[in-house]
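Colleague: A single structure is presented below for examination.
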Ligand SMILES: Nc1ncnc2c1ncn2[C@@H]1O[C@H](COP(=O)(O)OP(=O)(O)O)[C@@H](O)[C@H]1O
Ligand SMILES: [Mg+2]
């Protein structure tokens, strides 16, 4: 199943969510692939840190490498298809190419998480079109709700099922914003992830927060949501390694 993570606004936490949820689902034993659907600013390699994949999704289209050769097993613990970080590659590949690999994507893992760009352009539309389901992610701010609503409308127009919304960077006492998010977006609220400076700190060390600070509030939140998605039991606070 291909699940695209979209928002309509940059900086709300899509790429970190995809990278960390991908790691978490793999830990739970789910065959998972994470994909840079953002063909101009793919951030997944930077979030997972080195080693960086030698082959990217761009190489499939520009050099004709096979899809399988673009899949990189990151030693952090998840399979990924990364986007090229080179400007010349980015300019050469139109996002409509994503559709050409849709079948291979859906066959490559049980859950494929696609990281969408933060703007409502053609690249976002292509990431929505290849999805079986969409998870919207928003921060508890009106501008974020309003931009995310537009993305939802585009998904609706294209007949793509919205799985629900994730509220990210939630601080204490934001019950009111949770209610407003539900009202504005009219989708189930899948989870609330806390504002956690460990997410930003981890990037200083070139590691995903789930690996760098596995017991941080954000990592626990991701694991709780991942467990629901994977249909496994997870108790926060257990010191036992999950895998
Ligand atoms: N829950 C969180 N708490 C604190 N900072 C976060 C959280 N989620 C993401 N961030 C930070 O917000 C910024 C944008 O995150 P990113 O995942 O790149 O968003 P997007 O992909 O939507 O542009 C990064 O600096 C990241 O470290
Ligand atoms: Mg991003």
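No value in this document is a laboratory result; all are computed from the given coordinates. These figures come from a predicted structure and were not determined experimentally. Cβ atoms come from the backbone with ideal geometry, glycine included; neighbour counts cover every protein chain shown.
Colleague: Within a 10 angstrom radius of the beta carbon, how do 34, 47 rank from fewest other beta carbons to most?
Modeller: 47, 34
Colleague: For the chain, give the share of DSSP beta bridges that are antiparallel, in percent and rounded to the nearest 5; count only bridges with both residues there.
Modeller: 10
Colleague: Let me ask you something else. What order do you get for 196, 69, 36 when you list them from fewest to most C-beta neighbours inside 10 Å?
Modeller: 69, 196, 36
Colleague: Something else about it: Between 150, 129, 172, which gets the highest mean-square fluctuation from a Gaussian network model of the chain, Cα cutoff 10 Å?
Modeller: Between 150, 129, 172, it is 172 that shows the largest mean-square fluctuation.
Colleague: Based on other C-beta atoms within 10 Å, arrange 176, 102 from fewest to most.
Modeller: Listed from fewest to most nearby Cβ atoms, that is 176, 102.
Colleague: Among 52-61, 134-143, what's the highest-first ranking by average C-beta atoms within 10 angstrom per residue?
Modeller: The packing order, highest mean first, is 134-143, 52-61.
Colleague: Starting from the Cα gyration tensor of segment 2-230, take the square roots of the eigenvalues, sort them a ≥ b ≥ c, and report rounded, prolate or oblate (rounded when a/c is under 1.5, otherwise prolate if a/b is larger than b/c, else oblate).
Modeller: Taking the square roots of the gyration eigenvalues as a ≥ b ≥ c, segment 2-230 is oblate.
Colleague: Between segment 163-221 and segment 1-75, what is the C-alpha centre distance in whole Å?
Modeller: Their Cα centres are 19 Å away from one another.
Colleague: With each run of n ≥ 4 DSSP H residues scored as -39500 (n - 2.57), what mean residue ellipticity at 222 nm is computed for the chain after dividing by its residue count and rounding to the nearest 500 deg cm²/dmol?
Modeller: After summing the helix terms and dividing by the residues of the chain, the value is -11500 deg cm²/dmol.
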